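Q: Could you have a look at this structure, given as structure tokens, before my questions?
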Amino acid sequence: MNQAASIPAFHVMAKPTGAICNLNCAYCFFLSKESLYPGSNSRMSGEVMESYIRQTLEAHASPEVTIAWQGGEPTLMGLDFYRRVTQSIERYRKPGVTIQNTIQTNGVLLDEEWCEFLRENDFLVGISLDGPPEMHDFYRRDKGGRGTFDKVERAARLMQREHVEFNILCAVNAVNSQHPPAVYRFFRDEIGARFLQFIPIVERTGDRSVEPERYGRFLIQIFDEWVRRDVGSVFVQTFDATLAAWVCGQSSLCLFRPSCGEFVALEHNGDLYSCDHFVEPAHLLGNILRTPLADLVNSEQQRAFGEAKHTTLPRYCRECRFLFECHGECPKNRFLVSPDGEAGLNYLCAGLQAYFAHVEPYMRTMTGLLEQARPASEIMEMLPVRFANAKRNDPCPCGSGRKFKKCHGS
Ligand code: SF4
Ligand code: SF4
């Protein structure tokens, strides 16, 4: 057995069914990856699964290790596959190490038996839901072209009833981005979700992408509602990541960190890629059945991939006052030319700038509260006071830069 060296925390996103999925969502970037493995049955063998678990647990020096499954659609492997996974984890887990099991699913196959298993093994489930029925069904359809809202909503309600912890993964696209309050309130009030991830759809062609400015407005409008009534009770990943950058100097989300490289993607056959967003031949690191996982994660190729995130930043980003909380966002989205003519500006930049500028005063306030060991949620008590004291011609306390009489925190 190869004894891998212990290295700091890294995250493997395993794709046990490769790109195979039981749905046909219009903007799924992964469906096209099926062509990487022509003729393959796209199912992870017991040998690859065992090797992934063993090597991941051996290589980590951290007290908590995440074992993550996503797709394609990982539930297509069937429950018995994951029962064997948990047995493997118990076989290789070091004493004192806590395991965070996660699975990202469209929810269609979840039933009571799945929920019982997920709850008993403390899985955190990410379920893909894009908002109310008319918004979700616009792009998220099955192979027959039928909307999937009813099935996904049923899964979310089932998990709630069965006390399975879940996140909502909402793809922000050309359609739902036009209705931020409706999307947010639907998740909070109708679904009862407490953990939300908003993931922008960015495609180089077609008309499904969220427009940059609209993405900014989407985040701002949801933030304005969240910061007045939901801090500490609803967790929005983007807002948490921004606050982490303010408080700790480093965002909690790879998109907004200075380097990439911590999040590798494992294909069904053991091939390891630099990132889930770069599952393509140029970013294949090797196969974990032939080269130790730790060596691949520590390889020169992966180090160069990680560093490219900051070495390729255009000057426009390097001189941006939001650099500490943005870092040029994800390299896969950097295909615009900056105002001073340099390639490599992020497609979402205009929206990101608007968002970061808007949340600045609130982030400053929450950072101050946390530095005084007070909960960030106290900001909700402070805001009405700031607004009550504002005069008509004062700058609006929300930080919009507009006069209070024009803005009123809207
Ligand atoms: S390429 Fe994008 S998704 Fe991958 S680690 Fe970097 S920022 Fe994260
Ligand atoms: S906000 Fe725009 S200019 Fe600033 S770091 Fe982000 S992508 Fe670059």
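No lab work stands behind these numbers, since they all come straight from the coordinates. Keep in mind it's a predicted model, so treat the numbers as computed, not measured. Cβ coordinates were reconstructed from backbone atoms using ideal geometry, including for glycine residues, and neighbour counts include every protein chain displayed.
Q: Output wanted: per-residue J couplings in Hz (rounded whole) for the stretch 315-325, from phi through Karplus 6.51 cos²θ - 1.76 cosθ + 1.60, θ = phi - 60°, x for Gly and Pro.
A: For the stretch 315-325, the Karplus-derived couplings read 4, 3, 6, 4, 9, 7, 6, 9, 3, 4, 10 Hz, x marking Gly and Pro.
Q: Ignoring everything except DSSP H segments at least 4 long, calculate the 222 nm mean residue ellipticity for the chain; use -39,500 (n - 2.57) per segment, divide by total residues, nearest 500.
A: Taking each H run of at least 4 residues, the total per residue is -11500 deg cm²/dmol.
Q: Sorted from fewest to most neighbouring beta carbons within 10 Å, what does the list 195, 256 look like?
A: 195, 256
Q: What is the local net charge at residue 301, summed over the other residues whose Cβ is closer than 14 Å to its Cβ (Lys, Arg +1; Asp, Glu -1)?
A: -4
Q: Stokes-Einstein diffusion coefficient for the chain at 37 °C in a medium of 0.692 mPa s, Rh from the Kirkwood formula over Cα pairs: what value in µm²/s?
A: D, rounded to a whole number, is 145 µm²/s.
Q: Given Cα pairs under 8 Å that are at least 6 residues apart, what percent is the relative contact order of the chain?
A: Computed value for the chain: 15 percent relative contact order.
Q: Sticking with this structure for a sec: Highest GNM mean-square fluctuation, the chain, Cα pairs closer than 10 Å: which of 91, 290, 318?
A: Of 91, 290, 318, the Gaussian network model singles out 290 as fluctuating most.
Q: Pairs to check: 332/403; 15/143; 15/309; 15/332. Give those whose C-alpha atoms are more than 26 Å from each other in this structure.
A: 332/403
Q: Sticking with this one: In which sequence would 75, 17 go, from the one with the fewest C-beta neighbours within 10 Å to the one with the most?
A: Starting with the residue having the fewest Cβ neighbours, the order is 17, 75.
Q: Relative contact order for the stretch 214-358: what is it in percent, counting Cα pairs under 8 Å that are at least 6 residues apart?
A: 25
Q: To test your reading of the geometry: what angle, between 0 and 90 degrees and rounded to tens, separates the Cα axis of helix 149-161 from the longest principal axis of the chain?
A: 90
Q: If packing is taken as the mean number of other Cβ atoms within 10 Å per residue, what is the order of 185-194, 137-146, highest first?
A: The peptides rank, most packed first, as 185-194, 137-146.
Q: Taking the C-alpha atoms of the stretch 127-168, how large are the radius of gyration and the largest Cα-Cα span, Dmax, in Å?
A: Considering the stretch 127-168 through its Cα atoms, Rg and Dmax are 10.8, 32 Å.
Q: Tell me, what ³J(HN,Hα) does each residue in the stretch 201-206 have, in order and in whole Hz, if you take phi through Karplus 6.51 cos²θ - 1.76 cosθ + 1.60 with θ = phi - 60° and put x for Gly and Pro?
A: Ordered by residue, 3J(HN,Hα) equals 8, 10, 10, 7, 10, x Hz.
Q: OK, next. Evaluate the charge dipole of the chain about its Cα centre and quote only its size in Debye, nearest 20, assuming +1 on the Cβ of each Lys and Arg and -1 on the Cβ of each Asp and Glu.
A: In total the dipole reaches around 1120 debye.
Q: With 10 angstrom as the radius, rank 13, 363, 382 by how many other C-beta atoms surround their C-beta, starting from the fewest.
A: Listing 13, 363, 382 from fewest to most nearby Cβ atoms yields 382, 13, 363.
Q: If you don't mind, there's one more thing I want to ask. Only Cα pairs under 8 Å and at least 6 apart count here; give the relative contact order of the stretch 281-354 as a rounded whole percent.
A: Rounded, it is 22 percent for the stretch 281-354.
Q: Using only the alpha-carbon atoms, how far is helix 79-92 inclined from the longest principal axis of the chain? Give it as 0 to 90 degrees, nearest 10.
A: Relative to the chain, helix 79-92 is tipped by roughly 90 degrees.
Q: Place +1 on the Cβ of every Lys and Arg and -1 on the Cβ of every Asp and Glu in the stretch 290-363, take the dipole about the Cα centre, and give the residue among 348, 316, 293 whose Cα lies farthest towards its positive end.
A: Of the listed residues, the answer is 293.
Q: On to the next question. Lysines near residue 405 by alpha-carbon distance under 16 Å, same-chain residues fewer than 8 away left out - which ones?
A: 391
Q: How far, in degrees from 0 to 90, does helix 212-229 lean away from the longest principal axis of the Cα atoms of the chain, to the nearest 10?
A: So the helix axis and the longest Cα principal axis differ by about 80 degrees.
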